[in-house]
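What follows is a single structure, written as structure tokens, with notes after it.
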Amino acid sequence: MKVFITREISEKAIDLLKKEKFKVGIYKKDKPIPRKELIKKVKDADGIISLLTENFDKELINQISNCKIIANVAVGYDNIDTIYAKEKNIIVTNTPDVLTDSTADLTVALILACARRIPEGERMVRKRKFKGWKPKLLLGIELKDKTVGILGAGRIGTETAIRIKTFKTKIIYFDRERSDKLEKETDAEKVSLEDLLSKADIISVHLPLTKDTLHFLNKERLKLLKKSAILVNTSRGEIIDEQELIKILKKKKIFSAGFDVYENEPKINPALLKLNNVVLLPHIGSATEEARTGMALLAAKNVIEVLNGRKALTSVN
Ligand code: GLV
């Protein structure tokens, strides 16, 4: 059986695949595999381990007639046409749970970075512009007694809420479903989307990207945010209308925004780079040794299960 991996991942995962006597091919360069090369490499693969940087659309899926599984090394799978894959009897899997804690940690870091203007302070020191303690230097926002709005009460949203609750905040959330876990662990209150957007001091976005959530935070909804609000996004950039958010940030209609993801990743809108009231991270939500090893291992285990005729562990289609 042939397995192709679109980028170098944890050796531990590769070892697992090799123990199964699979023939493992890996794209070794430290950049996304060019489309043409990808098509060539996956043509006769029985299993594929892919990253969110590869777009498995109909055209690509039509080229992989041997393939039984695409194991995405990410919890999000908006880069794969899962419905078409199913039509072609290809199982698609993701990597939930193993990255939840790391992503929730980073979300809290992003909230604190925005609230306390940490990157602005860092830039000031590096530029040798720190001239001593000042009563009004980089005044931020204290978290105590603030209302945190969790948009999307799934695994990562819930773990973020549990962490941020310990800063003596009040949690409200919006989701289609009620979340018993979130309510039980943080006394969270389920509210309407409009209430969440207009009442929260801090809003953290944890929605998956689907056709229903594309530009979920559009111009009208972004207008509801408080002038003192902090908005952070560690899910997918396309969920927020970035152009509209930039307009709001330029006019200082909210306090700040923290980005780990962008609408046209890895391209960054140049207007963002000019703003001081933003914190910009390079999509590192799950970037810990623990999470990335766990993700690679889970993807490899999914491939092993499926290529041995068993059920995938974390199928999404
Ligand atoms: C990363 O963004 C992921 O979906 O795992």
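The values are calculated or read from the model by the stated rules, or taken from the named source; none is laboratory data. Bear in mind the structure is a predicted one, so any value in this text is a computation, not a measurement. Cβ atoms come from the backbone with ideal geometry, glycine included; neighbour counts cover every protein chain shown. Ligands, DNA and RNA are stripped out before the accessible areas are found, and what is left, the full protein with its side chains, is counted by its heavy atoms. Shrake-Rupley method; radii C 1.70, N 1.55, O 1.52, S 1.80 Å.
Brief remarks follow.
- Cα radius of gyration and Dmax for the stretch 160-317 (Å): 17.9, 57
- Ranked by the mean number of other Cβ atoms within 10 Å of their residues, highest first, the peptides 154-163, 208-217, 290-299, 263-272 fall in the order 154-163, 290-299, 208-217, 263-272.
- Part-to-part distance (alpha-carbon centres) for the stretch 238-279 and the stretch 283-304, which is given in Å: 28 Å
- For residue 214, the shell of other residues with beta-carbons less than 11 Å away shows a net charge of -3, using +1 for Lys and Arg and -1 for Asp and Glu.
- Solvent-accessible area per residue for the stretch 100-280 (1.4 angstrom probe, square angstrom): 54 Å²
- Ordering 198, 171, 92 by Cα displacement along the dipole of the chain toward the positive end leaves 198 in first place; charges were set at the Cβ atoms of Lys, Arg (+1) and Asp, Glu (-1).
- Normalised convex hull volume, the stretch 58-172, alpha-carbon set, Å³ per residue: 155 Å³
- Additional length obtainable on full extension of the chain from residue 251 to residue 184, 0.36 nm per residue less Cα span: 20.3 nm
- Projected label distance in nm at residue 63 and residue 310, using a 7 Å step from Cα toward the beta-carbon: 3.2 nm
- Neighbourhood net charge (10 Å Cβ-Cβ; Lys/Arg +1, Asp/Glu -1) for residue 230: +1
- Here's the picture: a label point sits 7 Å out from the Cα of residue 55 along the beta-carbon direction, and within the stretch 1-45 the residues with their amide nitrogen under 17 Å of it are 32-40.
- The HN-Hα couplings worked out from phi for the stretch 290-296 by the Karplus form 6.51 cos²θ - 1.76 cosθ + 1.60 (θ = phi - 60°) are 4, 5, 5, 5, x, 5, 5 Hz, whole numbers, x standing for Gly and Pro.
- The chain, helix-only ellipticity at 222 nm - DSSP H runs n ≥ 4, -39,500 (n - 2.57), divided by all residues, nearest 500: -10000 deg cm²/dmol
- Rg(Cα)/(2.2 N^0.38 Å) for the chain, N = residue count: 1.08
- Hz values of 3J(HN,Hα) by residue in the stretch 194-206 - Karplus curve (6.51, -1.76, 1.60), Gly and Pro given as x: 4, 5, 4, 5, 8, 9, 6, 7, 10, 10, 10, 9, 9
- Candidates 281, 51, 297 compared by Cα position along the dipole of the chain: farthest toward the positive end lies 281, with charges placed on Cβ.
- In the stretch 96-221, the portion of solvent-accessible area held by carbon and sulfur atoms comes to 52 percent [1.4 Å probe, whole percent, DNA, RNA and ligands not counted].
- The distance separating the Cα centre of the stretch 146-209 from that of the stretch 73-142 comes to 17 Å.
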